[in-house]
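Everything below concerns the one structure shown next.
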């Protein structure tokens, strides 16, 4: 029997997002893993709506950061200001100090601003003028970007991409789903009526439960085997990092919890592999010219690495 709390959140988001249950499930799984998600797709398919629906489904603080060329790192992390009354410097909170962060069009900011997220995405803290400040728990960055628009954008470097727990795409809806969207949004905006169905305490409890999901040593070897296979691919310039192995195992634990199990199966690894690994694999130039995709390398790894019998 599936986990009721996770199902509750997914069902609530689906009141807004039509026909994309798999994508919603992946975002919620990343949330209960304490991970961050890069939502990459063309304009108008519901990237921002997905993030807004997730934030409204949780009784947690939410901030939207619109990434533009003129945004500064201090706008995100905060800054120190001198207080003439006390004679001391005081920390002024930046936009990052919330539970859920929408980093909208993240690739429109300059690399220096993008780099201001490196520390907080890895360590859940920011350092301003030598002083470290913790962000609220739970904490999650949901970033959006358009993969086909290059004018005025700055591609995310490998170090930044590797800090995202997973990357997802939404894709266009089917004609039937698009008709359902028209019907649902014809009179009112259902987003305004969306109410929280979970809170920070429940999410933190789920995060603890995820870490306690049992994984056999054979499953751990299977994870390492798949990630190592991506590193050895003739098509890849760069394969999955050790962080990728950690994230793949954690994602499989979350998927097992969602499915109502307290143990990980090899199927869970296969289920989460593409979303967790695809953005970490850098293709060689000739592979890109031959239209080889990261998904092809991951599929080859799953095919060639023998799944253990549990």
Can you tell me which residues in the stretch 107-148 are without any contact (Cβ under 8 Å) to a residue 12 or more places away in the chain and over 27 Å from residue 82 (Cβ atoms)?
123
Which residues, counting only those in the stretch 290-304, are touching a strand residue (DSSP E or B) at 6+ places or on another chain (Cβ under 9 Å), in contact (Cβ under 8 Å) with a residue 24 or more places away in the chain and either exposed (fewer than 13 other Cβ atoms within 10 Å of the Cβ) or in a loop (DSSP other than H, G, I, E, B) (or both)?
292
Look at the stretch 41-51 and say how many of its residues are part of a loop (DSSP other than H, G, I, E, B) and touching a residue at least 60 places away in the same chain (Cβ under 8 Å).
5
Being assigned to a loop (DSSP other than H, G, I, E, B), in contact with a strand residue (DSSP E or B) (Cβ under 7 Å, 6 or more places away or on another chain), assigned by TED's automatic domain parsing to the domain that holds residue 147 and over 21 Å from residue 266 (Cα atoms): is that true of residue 173 here?
no
Show the residue pairs that are 6+ apart or on different chains and have beta-carbon atoms under 6 Å apart, the first residue being within the stretch 57-81 and without any contact (Cβ under 8 Å) to a residue 40 or more places away in the chain, the second being crowded, with 18+ Cβ neighbours inside 10 Å and part of a loop (DSSP other than H, G, I, E, B).
63/98
Part of a strand (DSSP E or B), at pLDDT 95 or above and assigned by TED's automatic domain parsing to the domain that holds residue 164: does that describe residue 38?
yes
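Across the stretch 246-262, what is the total count of residues that are touching a residue at least 60 places away in the same chain (Cβ under 8 Å) and either part of a helix (DSSP H, G or I) or surrounded by 17 or more Cβ atoms within 10 Å (Cβ to Cβ) (or both)? Can you show your working first?
So in the stretch 246-262, the residues touching a residue at least 60 places away in the same chain (Cβ under 8 Å) come out as 247, 250-251, 253-255, 257-260.
Of the ones still in play, those that are also either part of a helix (DSSP H, G or I) or surrounded by 17 or more Cβ atoms within 10 Å (Cβ to Cβ) (or both) are 247, 250-251, 253-255, 257-258.
Summing the residues that are touching a residue at least 60 places away in the same chain (Cβ under 8 Å) and either part of a helix (DSSP H, G or I) or surrounded by 17 or more Cβ atoms within 10 Å (Cβ to Cβ) (or both) in the stretch 246-262 gives 8.
Is it fair to say residue 287 is assigned to a helix (DSSP H, G or I) and either free of Cβ contacts under 8 Å to residues at least 40 places away in the same chain or surrounded by fewer than 23 Cβ atoms within 10 Å (Cβ to Cβ) (or both)?
Numbers: assigned to a helix (DSSP H, G or I): yes; either free of Cβ contacts under 8 Å to residues at least 40 places away in the same chain or surrounded by fewer than 23 Cβ atoms within 10 Å (Cβ to Cβ) (or both): yes.
Yes, satisfied.
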Residue ranges of helices (runs of 4 or more DSSP H) in the stretch 52-154 with at least 3 members touching a strand residue (DSSP E or B) at 6+ places or on another chain (Cβ under 9 Å), closer than 22 Å to residue 279 by Cβ and outside the structural domain of residue 243 (by TED's automatic domain parsing):
118-123
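For the stretch 200-223, what are the residues that are over 22 Å from residue 137 (Cα atoms) and either buried (at least 19 other Cβ atoms within 10 Å of the Cβ) or in contact with a helix residue (DSSP H, G or I) (Cβ under 6 Å, 6 or more places away or on another chain) (or both)? Even if it seems obvious, please write down each step before you answer.
Of all residues in the stretch 200-223, those over 22 Å from residue 137 (Cα atoms) come to 214-223.
215, 219, 222, 223 - these are the residues of the stretch 200-223 that are over 22 Å from residue 137 (Cα atoms) and either buried (at least 19 other Cβ atoms within 10 Å of the Cβ) or in contact with a helix residue (DSSP H, G or I) (Cβ under 6 Å, 6 or more places away or on another chain) (or both).
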State yes or no: is residue 307 assigned to a loop (DSSP other than H, G, I, E, B) and in contact (Cβ under 8 Å) with a residue 60 or more places away in the chain?
yes
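Return the only residue of 181, 168 being more than 16 Å from residue 39 (Cα to Cα) and surrounded by 13 or more Cβ atoms within 10 Å (Cβ to Cβ).
Numbers: 168 fails: more than 16 Å from residue 39 (Cα to Cα).
Result: 181 is the single residue among 181, 168 that is more than 16 Å from residue 39 (Cα to Cα) and surrounded by 13 or more Cβ atoms within 10 Å (Cβ to Cβ).
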Report yes if some residue within the stretch 208-230 is within 24 Å of residue 53 (Cβ to Cβ) and under 22 Å from the mean Cα position of the chain (by Cα); otherwise report no.
yes
Tell me, please, whether a residue that is closer than 19 Å to residue 200 by Cα, surrounded by 21 or more Cβ atoms within 10 Å (Cβ to Cβ) and under 19 Å from the mean Cα position of the chain (by Cα) can be found in the stretch 105-119.
no
On the basis of being out of contact with any helix residue (DSSP H, G or I) (no Cβ under 6 Å at 6 or more places or on another chain), farther than 18 Å from residue 24 by Cα and at pLDDT 95 or above, does residue 286 make the cut?
no
Tell me, please, whether a residue that is closer than 23 Å to residue 156 by Cα and either assigned to a helix (DSSP H, G or I) or in the same structural domain as residue 143 (by TED's automatic domain parsing) (or both) can be found in the stretch 11-24.
yes
For residue 8, the lone unmet condition from (1) modelled with pLDDT of 95 or more; (2) within 27 Å of residue 277 (Cβ to Cβ) is (2)
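The values are calculated or read from the model by the stated rules, or taken from the named source; none is laboratory data. Predicted model, so just to flag it, every value in this text is computed and none were measured. Cβ atoms come from the backbone with ideal geometry, glycine included; neighbour counts cover every protein chain shown.
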